[in-house]
Amino acid sequence: MEKKYTMVLVSHTHWDREWYLPFQEFRIKLVRLTDKLLKILDTDPDFRTFVFDGQTVVLEDYLEIRPHERNHIAQLVRSGRLKVGPWYILPDEWLVSGEATVRNLLLGHLIAEQFGQPMKAGYVPDPFGHISQMPQILRGFGIEDFYFSRGRGLEEEEMTCEFWWEAPDGTRVMAVTQGSGYCSASSLGLTRDPDGSARTDLDLAVEQIAAQRDKLAPLSASTVILLNNGCDHLEAQPEIPEIIRRANEKLEDAVVIHGSFEDVGRLIKEQKPDLPTYRGELRSGRYCGLLPGILSTRMYIKQANERTQTLLEKWTEPFCALANIYGSDYDSAMVRMAWRLCLQNHPHDSICGCSVDQVHKEMMPRFDQSQQIGNTLAREGLQHLASRVNTVLEMPEQATPVVVFNAHGWDVNEAVTVRMSGLLEPGKAAGEFVVRDSRGVIVPCQVTNIERTELSYHKLWRDCDLVFNAGKVPALGYKSFSIERVDHRHVGGQPALRPAGLVASENSLENEHVKISVRPNGSFDLLDKTTDNLFEGLNLFEDTEDAGDEYDYSPARLSRRITSSGGSGTVEIVESGPVCATIRVHTQLELPAGLSQDRSARSCESISCPVTVSITVRRGLPRVDITTEFANNAKDHRLRAWFPVGVAAKVSQAEGQFCVVERSIDMPSSDPTWNQKPQPEQPQQSFVNVQANGRGLTVINQGLPECEVMRSSDAVIALTLLRCCAWLSTGDLLTRDGGAGPEIKTPDAQCLGSHTFRYAVYAHGGDWKDGQVWRQAHQHNVPLRAVLTGVHPGVLPTEKSFISIEPKNLVVSALKKADRDDSIILRLYNTTDESVTASVRLGFAVKSASLANMNEEPAEELSVDNGLLSFDMPAFRVQTIRLSL
């Protein structure tokens, strides 16, 4: 008689590469686990398959110690008995860019292909919720199924364990909830005798399997039930074939098979169940803790990650690829190594900051090394392109050519900074700089950040930043200028355009778009001159205690909030020129030194934390840039900057991975049955926006991924700058029941010392799309770069766009060399909910072009009409293009 249920038992381990132990200590365990696994697979043909947690970095870590096992592992992968990939590492999805997630899957596939076939299952068991674009990313690699534990709960009550999960563009995968977690059938039948020795009780194992059937069958749309035979760092259970035989003898209504996640997906789809559909983020703690405090734990790690992945995505890959078109070598191995080092910091226990201190000490050198590679390669690529530009201009004899590069897919009209150095002879004046464009027109400039070093023989060496307005620099291209050091009495050439409206007074700054009035506590009022909207009290500091741990923020039972309202300080103008003006405020926050001994309140002892706020307005820009330096001398607290919007709103918009996510400001309702009740803090990439009644305010951040939009009479955006705690996990939080990991002290998570935070505000009328807020955010985080070069002929003109994209709601996220051939890969996405036709203008010749998937495999040929490509871009679509040179 045919049995009703098919129960697929998947043997696996969940491998946290580093967590409550550092990497090398866990690697010892990994090597021993893998040695035993290989022996099991070699000696027991009935042990059908084992899943290596969806990762491939484990292969690198193991084979570095056991290189002689490479062919052995390849044989097992090719036979399907060892499942590896599709990931390089299992990432946290909120804290990394969309492109980093794509690179993660791409590298995972490249490594897995060296051994055999990558596992085509979107296995992401433990990360703390899932981004809305994950279905589209997975389908970009030919993956149709998704297996997860955390995040479900905001869907309708009739949702089953299996459902269609749709990305914002409508792409969908079949999602399978690991209803009892990824450890649901771990250590089956394990018991201990009175002497402490372990043994396997087969009948107990069958009872445990039956219990999972009884729990999951009513929640499933099919008769296929997933059993996860594994857990954190668990070795393979050699008794599994015997357990399966006993289960199939005992269970009257279920057959148990030893399989993989791919088997689970295939068997469910064969039944063609009527599955419900869900679209949106999976970010609920209803059934499994979401642990949202990881968005702000050890903020210095988040900042380092933003610097690293932005460098690789915006400068290293694009300009090395473009330089290769014009004769430079492309070192794909070094680019891949830079990404490897960055990605090794993206596992959820690493980038989330929820590990022991030693783990996070070891992360920073990886970021440093990735940046060393990325900066060197980017510098070489930019210098090579600059060397190919014809700089034989009609310029003064002593002038130095400089090429300004733009990493965005649109023209950028902003200032650029170039570091200048020179020897000052005794008795001679420093002179002035004159900057001219390629037509000889003098452009506004000013000197900042002057440093003088005394050399021998009474000579001085001067370094300074020369800031000048570059005008409109072409999209993904460059523009040439010349710099001349002259006596200010002898400046020839056409005069500079008169700077319009950049004014700095005692406590205010003003340009064509905004006027700000600065208070001595570091806050300011902003008048949007375009709409006459006034935003008051921006950048007010708020500090509360943090009685939480690395996983979650928690107030104390006797909470106390401190703000900078009414605070005193000094206000000074530190820059005032034709290009930019800066006011600097020196103030301090008097904060409790930490928590009381019983952690129920803030301590009575106070300590001073100096704060320096620099507020900058630039010629022609509606954005106000802020740099806050904070000397953290206090423990157990959270520091945020408040931005009152001045209007009530129901929703906010935050940049996500390849999209903008609209979220309700009100938290979802919950009840005591929830595993973890909702928290107000939300993830963001580079900005969060609130708008209503023609009044909009965008807060832009650089590596500060946590925000909250507080709803009172008027909305207030709260940007988290720093969160400081003492424990990896502890069990006395008000925001979570019980612990989330081992109870280990983590003194470095207090983040004592000096910190620098960079963010900005942008006031606009209309909605976020009308204001094109993503452009202001991306330009803030990826400013123009200037490269000094020599006077030389070249094949490139004085200014050029290599690639430009239209219409305005399209964003370039990647320009790189393909990883399997010499093609150029271009990726762009539609950041809005409006479907458009994309126009891509190429500034170099190509033989052919095609649409492709994210695995860089061609899909559909495109016609190239005089360098122009056109194709449809539905709302929130991510599209990859292959260009053959």
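The values are calculated or read from the model by the stated rules, or taken from the named source; none is laboratory data. Model, not experiment: these values are computed from the prediction. In this analysis, Cβ positions are derived from the backbone assuming ideal geometry, glycine residues included, and neighbour counts consider all displayed protein chains. Remember, those area values only see protein heavy atoms, side chains included, never the ligands or the DNA or RNA. Shrake-Rupley method; radii C 1.70, N 1.55, O 1.52, S 1.80 Å.
The table below gives the values:
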| read-out | value |
| --- | --- |
| Whole-Å semi-axes of the ellipsoid equivalent to segment 663-817 (Cα gyration tensor, √5λ, descending) | 40, 24, 15 |
| Amide N proximity, segment 504-547 versus Met710 label position 7 Å along Cα-to-Cβ, cut-off under 18 Å | 521-525, 535-547 |
| Relative contact order [Cα under 8 Å, 6+ residues apart], segment 574-648, whole percent | 28 percent |
| Expected-Rg normalisation [2.2 N^0.38 Å, Cα atoms] applied to segment 745-885 | 1.36 |
| DSSP bridge pairs, the chain: antiparallel proportion in percent, nearest 5 | 85 percent |
| Per-residue [θ]222 nm for the chain (sum of -39500 (n - 2.57) over DSSP H runs n ≥ 4, rounded to 500) | -6000 deg cm²/dmol |
| Per residue, in Å², the accessible surface of the chain once ligands and nucleic acids are set aside, probe 1.4 Å | 38 Å² |
| Listed values [x] 0.97; [y] 1.10; [z] 0.99, entry calculated as Rg/Rh (Cα atoms, Kirkwood Rh) | [z] |
| Per-q log10 I(q)/I(0), segment 225-376, q = 0.09, 0.16, 0.20 Å⁻¹ (Debye; single scatterer per alpha-carbon; no solvent) | -0.57, -1.01, -1.17 |
| For segment 139-195, alpha-carbon Rg relative to the globular expectation (2.2 N^0.38 Å, N residues) | 1.62 |
| Whichever lysines have a C-alpha closer than 16 Å to that of Lys479, once near sequence neighbours (fewer than 8 apart) are set aside | Lys800 |
| Two-decimal Rg/Rh across segment 145-275, once Rg and the Kirkwood Rh are taken from alpha-carbon atoms | 1.01 |
| Accessible-area composition of the chain, carbon plus sulfur, in percent [1.4 Å probe] | 47 percent |
| Mean separation of Cα contacts under 8 Å, 6 or more apart, over the residue count of the chain: relative contact order % | 12 percent |
| Three semi-axes of the equivalent ellipsoid, segment 498-542, Cα gyration tensor, whole Å, largest first | 20, 14, 6 |
| Among beta bridges that DSSP assigns inside segment 140-247, antiparallel share in %, nearest 5 | 65 percent |
| Cubic angstrom per residue, convex hull over Cα atoms of segment 622-744 | 153 Å³ |
| Nearest-0.05 FRET efficiency for Asn693 and Glu2, computed from C-beta distance (R0 51 Å) | 0.20 |
| Over 32 Å (Cα to Cα) - which of Lys83/Lys677; Lys472/Lys515; Lys515/Lys769; Lys36/Lys120 fall in this group | Lys83/Lys677 |
| Unit charges on C-beta of K, R, D, E only; dipole of the chain, Debye | 1700 debye |
| Per-selection metrics, segment 91-188 (Cα): Rg and Dmax in Å | 14.0, 44 |
| Under 17 Å from the Cα of Lys745 - aspartates and glutamates, other chains or at least 8 residues apart | Glu18, Asp349, Asp357, Asp546, Asp549, Glu550, Asp552, Asp598, Asp636, Asp732 |
| Whether segment 16-174 is rounded, prolate or oblate, judged on the alpha carbon gyration tensor where a/c under 1.5 counts as rounded | prolate |
